[in-house]
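Engineer: Take a look at this one; I'll ask things after.
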């Protein structure tokens, strides 16, 4: 039996039975991606984590029935007017497959790739990281140590882990519990103090089981 092939079409990952099916997918992508999107939506709909629009912040359902779309294999619910605005931006695109990343920028990246100057860890990004750093410098000063966006994710996960089960948190942020505990949560001093106190001053501990 052949090894399955993971293939990225635009921003979605598709698992195919073999490399020979990549040509078939590219010939009629709408047909096959629609089938995948429907399966993703059916699987993720019951556990959708947000009650507000991820773009505009308004409550979903406050402006009519939200519209579902699939982005990078994730179900996203948006108010109809927000999705319409995004589609209008896409219609005005200069040919780029990304809404916020211009064709000129993509061509510049391709030139770097062709010249061997595009690093293995480099990614296609918009201006989010640049703006994030600029905001921190404006608030903290030019010499301050800057946090990364992943630092924010780690901070959220560390504090959220005190409030909800790790399995629930993993579903919300889209990772497995093992990955979440290894990379996105940090031990707190008060946790260690609480454990020491339980052994030093607390009642006798009983073996579980």
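Any read-out appearing in this document is the output of simple, stated calculations on the displayed coordinates, not a laboratory observation. What you are looking at is a predicted structure, and each value in this text was computed from that prediction instead of being measured. Here the Cβ positions follow ideal geometry from the backbone for every residue, glycine too, while neighbour counts run over all protein chains shown.
Engineer: Rounded to a whole number of µm²/s, how large is the Stokes-Einstein D of region 20-68 at 37 °C and 0.692 mPa s, given Rh as the Kirkwood radius over C-alpha pairs?
Structural biologist: This corresponds to a translational diffusion coefficient of 249 µm²/s.
Engineer: Right, here's the next one. With an 8 Å Cα cut-off and a minimum separation of 6 or more residues, compute the relative contact order for region 1-122 in percent.
Structural biologist: Working: 108 pairs, mean separation 18.8, N = 122.
With pairs under 8 Å counted, the relative contact order is 15 percent.
Engineer: Per-residue counts of other Cβ atoms within 10 Å, averaged by peptide: what ranking do you get for 108-118, 135-145, highest first? Numbers along the way, then the final one.
Structural biologist: Details: 108-118: 11.2, 135-145: 9.5.
Taking the mean over residues of other Cβ atoms within 10 Å, the ranking is 108-118, 135-145.
Engineer: Arranged from highest to lowest average of other beta-carbon atoms within 10 Å per residue, in what order do the peptides 150-156, 69-75 appear?
Structural biologist: On the way: 150-156: 12.9, 69-75: 14.9.
Ranked from most to least packed, the peptides come out as 69-75, 150-156.
Engineer: For region 43-95, what is the Kirkwood hydrodynamic radius in Å, using each pair of distinct C-alpha atoms? Walk me through the numbers before you get to the answer.
Structural biologist: Details: mean 1/r = 0.0844 Å⁻¹.
With all distinct Cα pairs of region 43-95 included, I get 11.8 Å.
Engineer: While we're on this one: Between residue 159 and residue 46, what is the label-point separation in nm under the 7 Å Cα-to-beta-carbon projection?
Structural biologist: 3.2
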